[in-house]
Amino acid sequence: MTQAAVRPRDAATNPELVRHDGRNRRSAETRRKIIEAAKAMISETGTAPTVVGVAKRADVSVRSVFQHFGDVESLFVTVFDNVREGAMRLSPPSGEAPLPARIDAVIDHLADMFDKVVPLRIAAGQFGDTNQALVERRESARKDVADFVRKAFAPEFGELDEPARAELLAAFEAVLSVDAWIMLRRGSGLEFDPAKAVWRRMLTALFDHARLDNERVQLAHD
């Protein structure tokens, strides 16, 4: 028996493997189209789309949507993860930079990020707190932003005692939240740059207040 006779057939020449690989590629492409269609619809409307609407936008069958995601909430969670992965790349500025420069860097970073996720955040409100997966992801995102702020302003936080540090961080979480950004952009109707200017004024005021409080505490101890 020759060596060629006992060698397994190459996958590329195996009809079954070729068909299987083709089905996998088509399935992956259908899934991608469904996710992209849902993302586009959420971005345009700020509401969670229906399965029928997504199927029409993606040019696939309603059955295909259900096969990949089961229900609209599962699809929404997948879209949430997809958008978050693309938007939430938090890289804090160096603590050696001057405070005003770090304030600007943090504001620029979060404003760009939040502007991308605002429609998704508004749409997520339709599910309230009934979807545990979304609740967990919102909490995780909140913690990521808080950690980003702590690292960006580590020198300033390091000068405060624990109660003052906790109070300042809580203030920052309230000011630099996606809900606060929604209020500025949609509630107050501010354009992008004026909304950032409000944030800049608020952050500067918070640091000024914390610095004065810290100086009063130190004088009281002297």
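Nothing in this text is a laboratory measurement; each read-out follows from the coordinates by a stated rule. Small disclaimer: the values here were computed from a predicted structure and weren't measured. Don't worry about glycine lacking a Cβ; one is built from the backbone with ideal geometry, like all the others, and counts go over all protein chains shown.
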The Kirkwood hydrodynamic radius of region 83-125, taken as the inverse of the mean 1/r over all distinct Cα pairs, in Å, comes to 11.5
Between helix 192-221 and the chain, what is the angle of the helix's C-alpha long axis to the longest principal axis, kept within 0 to 90° and rounded to the nearest 10?
50
Under 24 Å from the Cα of Lys33, which lysines turn up, not counting those fewer than eight places away in the same chain?
Lys56, Lys116
So what is the relative contact order of the chain, in percent, for Cα pairs below 8 Å that sit 6 or more residues apart?
19
As an exercise, use a Förster radius of 41 Å and the Cβ-Cβ distance of Asp81 and Arg201 to find the FRET efficiency, rounded to the nearest 0.05.
0.75
When a/c is below 1.5 the answer is rounded, else prolate if a/b is larger than b/c, else oblate, so apply that to region 90-221 with a ≥ b ≥ c taken from the square roots of the Cα gyration tensor eigenvalues.
prolate
Going residue by residue through region 89-96, the Karplus relation 6.51 cos²θ - 1.76 cosθ + 1.60 with θ = phi - 60° gives ³J(HN,Hα) values, rounded to whole Hz and with x marking Gly or Pro, of 10, 8, 10, x, x, 5, x, 7
Mean projected area in nm² (Cα convex hull; one quarter of hull surface) for region 72-143
5.1
Among the lysines, which have Cα under 17 Å from the Cα of Lys151 when same-chain residues fewer than 8 positions away are ignored?
Lys143
What fraction of the Cα pairs in the chain, stated in percent, has a spacing above 31 angstrom?
42
For helix 99-124, report the angle its Cα long axis makes with the longest principal axis of the Cα atoms of the chain; keep it between 0 and 90° and round to the nearest 10°.
50
Cα gyration tensor of region 15-126, axes a ≥ b ≥ c as square roots of the eigenvalues: rounded (a/c below 1.5), prolate (a/b > b/c) or oblate?
oblate
Helix 15-45: angle to the longest alpha-carbon principal axis of the chain, degrees 0 to 90, nearest 10?
40
